[in-house]
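Worksheet for the structure shown next.
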Amino acid sequence: SDGVTLKENNNIRVQLASDELVLGRDGNARTVISDSSIAMFDGQGSSRQRVAIDNTGKIAVGGASNANVSVTSTDDVIRINPGTGVFIFDDANNFTQLDSTAFSIVKGGHVSASFGTITTIGPTSGSHVEISGSGVSIYGTDNEYLNMNSTAIQIVKGGEVSASFGATTTIGPSASAH
């Protein structure tokens, strides 16, 4: 058997064949349901898939104007991936991610801000601010930064504390005259 086809005014409206249900017609807005996925297509001139849901719970909505969306798409798409979070993609190098540990903003392939237990603003490979339960640090580099916590404010230059303001105040590297 070739399945079942329902027509209205000689136009195919529903097809059921080979474990797949199609509501609508090829080239038009339609929904396709199989035993492992659901797909929705727009009704534009060249019909494109705009919704993809697979049997693992992954969901993708949107997609670039000239391409079908899939659960792995990274252009102009919103994705929900169980276990890894919710993503809003402009492209593979520019997106946001929300998961159980943080909300991260990725620009140019690098995390430019992350809001979680430790919050960072600016790419951590360069100048950035880091806020955590233990204090606030402002980095120029890994070896040059200012750290402020509940006991002191420290200025670190060249990997050494060059000034510390707390119960004891020192100005100048503590390993030499100060």
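Taking only pairs six or more apart or across chains, which ones have beta-carbon atoms under 8 Å, a first residue in the stretch 13-38 that is polar (S, T, N, Q), and a second residue that is surrounded by 15 or more Cβ atoms within 10 Å (Cβ to Cβ) and not in a strand (DSSP E or B)?
Hits for this filter: Asn28/Ser47.
Among (1) assigned to a strand (DSSP E or B); (2) of a type outside the set (D, E, K, R); (3) surrounded by 15 or more Cβ atoms within 10 Å (Cβ to Cβ), where does Phe115 come up short?
Against the list (1) assigned to a strand (DSSP E or B); (2) of a type outside the set (D, E, K, R); (3) surrounded by 15 or more Cβ atoms within 10 Å (Cβ to Cβ), Phe115 comes up short only on (3).
Mind checking which residues of the stretch 105-141 are of a type in the set (A, V, I, L, M) and more than 12 Å from the chain's Cα centre (by Cα)?
Those that are of a type in the set (A, V, I, L, M) and more than 12 Å from the chain's Cα centre (by Cα): Ile118, Ile121, Val129, Ile131, Val136, Ile138.
Quick check on the stretch 120-127. Is at least one of its residues open to solvent by 80 Å² or more (accessible area, probe 1.4 Å), over 24 Å from Ile59 (Cβ atoms), outside any strand (DSSP E or B) and among the aliphatic types (A, V, I, L, M)?
no
Just to be sure I understand, how many residues within the stretch 54-104 are over 30 Å from Ile118 (Cα atoms) and either under 9 Å from the mean Cα position of the chain (by Cα) or open to solvent by 50 Å² or more (accessible area, probe 1.4 Å) (or both)?
Start the filter on the stretch 54-104 by keeping residues that are over 30 Å from Ile118 (Cα atoms), which leaves 54-56, 61-70.
Filter again for either under 9 Å from the mean Cα position of the chain (by Cα) or open to solvent by 50 Å² or more (accessible area, probe 1.4 Å) (or both), leaving 55-56, 61, 65-66, 68.
Residues meeting the conditions: 6.
Identify the residue in the stretch 9-35 that is assigned to a strand (DSSP E or B) and among the basic types (Lys, Arg) and, among all such residues, is modelled with the lowest pLDDT. Talk me through it step by step, then tell me what you get.
If we filter the stretch 9-35 for residues that are assigned to a strand (DSSP E or B), which is where we start, we get 11-17, 20-24, 30-34.
Applying the additional criterion that residues be among the basic types (Lys, Arg) yields 13, 30.
Values: Arg13: 88, Arg30: 91.
Residue satisfying both the conditions and the ranking: Arg13.
For residues in the stretch 128-158 being of a type in the set (Gly, Ala, Ser) and open to solvent by 50 Å² or more (accessible area, probe 1.4 Å), which is farthest from Val106 (Cα to Cα)? It would help to see each step written out before you state the result.
Within the stretch 128-158, the first condition is being of a type in the set (Gly, Ala, Ser), and the residues that meet it are 132-135, 137, 140, 150, 152, 158.
Those left that are additionally open to solvent by 50 Å² or more (accessible area, probe 1.4 Å): 133-134, 150, 158.
Working: Gly133: 23, Ser134: 25, Ser150: 31, Gly158: 29 Å.
Among them, the one singled out is Ser150.
Look at the stretch 30-71 and say how many of its residues are touching an Asp or Glu at 6+ places or on another chain (Cβ under 6 Å) and either among the basic types (Lys, Arg) or closer than 26 Å to Leu6 by Cα (or both).
5
For Asp142, are the conditions met, namely being of a type in the set (Asp, Glu) and either within 30 Å of Lys58 (Cα to Cα) or modelled with pLDDT of 95 or more (or both)? Explain how you work it out, then say what you get.
Working: of a type in the set (Asp, Glu): yes; either within 30 Å of Lys58 (Cα to Cα) or modelled with pLDDT of 95 or more (or both): no.
Considered against the rule, which asks whether it is of a type in the set (Asp, Glu) and either within 30 Å of Lys58 (Cα to Cα) or modelled with pLDDT of 95 or more (or both), Asp142 comes out as no.
When Gly108 is evaluated against the numbered criteria (1) touching a His at 6+ places or on another chain (Cβ under 8 Å); (2) over 28 Å from Pro173 (Cβ atoms), which criterion, by number, is the only one it fails?
For Gly108, the exception is condition (1).
Out of (1) open to solvent by 30 Å² or more (accessible area, probe 1.4 Å); (2) modelled with pLDDT under 95; (3) not in a loop (DSSP other than H, G, I, E, B), what's the single condition that is false for Ala163?
Result: Ala163 fails condition (1) only.
Suppose we filter the stretch 42-53 for residues that are open to solvent by 40 Å² or more (accessible area, probe 1.4 Å) and not in a loop (DSSP other than H, G, I, E, B); how many remain?
Our first condition is that a residue be open to solvent by 40 Å² or more (accessible area, probe 1.4 Å); within the stretch 42-53, this holds for 43-46, 48, 50, 53.
Now drop any that are not not in a loop (DSSP other than H, G, I, E, B), which leaves 50, 53.
So the answer is 2.
The values are calculated or read from the model by the stated rules, or taken from the named source; none is laboratory data. In this text, all values refer to a predicted model and were calculated from it rather than measured experimentally. FYI the Cβ positions are ideal-geometry reconstructions off the backbone, even for glycines, and counts take in every protein chain you see. All accessible areas refer to the heavy atoms of the entire protein, side chains included, with ligands and DNA or RNA removed. Shrake-Rupley method; radii C 1.70, N 1.55, O 1.52, S 1.80 Å.
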